[in-house]
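To start, the structure itself, in structure tokens.
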Amino acid sequence: MKNLFLIALTIFNITFSIAQDKAAIEKEATDLAQEQLDAYNKRDIEAFLKPYSENVKVYAFPNQLLYEGKAKMREEYTSMFNRLPDLHCKLVNRMVLNNKVIDHEEVIIMKSQPKIYAIAVYTITDGKISEVRFMQ
């Protein structure tokens, strides 16, 4: 009986530990996705790039590589921030599973144009956003 209790306690501890790890991973993923979204809306290129890995890969869903690397991302987004004063992204919905964040976004490119709805899937690796996949 004592052995059964110890086995049950061990299983509980392992399950609890896994749940805590999953929660920590998902919190980190959520925080990084939110950090870049907030900086995007402020057009703060340095703050925007901070959560991304140096070798981030950006794709058009499912697997069309658009570019790779933070330097190229800086170039792309600096240009966009400078050209589009109305640029704004509103989070419609967010789902998080392990190291993946899936954002449903409403994007204003120019106030004179219709809003765009998109999905962004962020993959977190070693505390940084390592991949982004966009769907529209």
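In segment 100-110, the residue that is farthest from ALA24 (Cα to Cα) out of those that are within 9 Å of the chain's Cα centre (by Cα) and open to solvent by 20 Å² or more (accessible area, probe 1.4 Å) is ILE102.
Working only within segment 111-136, note down all residues that are crowded, with 16+ Cβ neighbours inside 10 Å and of a type in the set (Asp, Glu). Across segment 111-136, the qualifying residue is only GLU131.
Yes or no, residue by residue, for (1) at pLDDT 95 or above; (2) within 17 Å of GLN136 (Cβ to Cβ); (3) not charged (D, E, K, R):
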residue	(1), (2), (3)
ASP38	yes, no, no
ASN55	yes, no, yes
GLN64	yes, yes, yes
GLU68	yes, no, no
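For segment 58-80, a tally of residues being in contact with a Phe, Trp or Tyr (Cβ under 8 Å, 6 or more places away or on another chain) and either open to solvent by less than 50 Å² (accessible area, probe 1.4 Å) or of a type in the set (S, T, N, Q) (or both) returns 6. Being outside any strand (DSSP E or B) and touching a residue at least 24 places away in the same chain (Cβ under 8 Å): is that true of PHE134 here? Judged against the criteria, PHE134 is not a match.
The values are calculated or read from the model by the stated rules, or taken from the named source; none is laboratory data. None of the values given here were measured: they were computed from a predicted structure. All Cβ positions, glycine included, derive from the backbone under ideal geometry; neighbour counts span all protein chains shown. Ligands, DNA and RNA are excluded from the accessible area calculation, which covers all protein heavy atoms including side chains. Shrake-Rupley method; radii C 1.70, N 1.55, O 1.52, S 1.80 Å.
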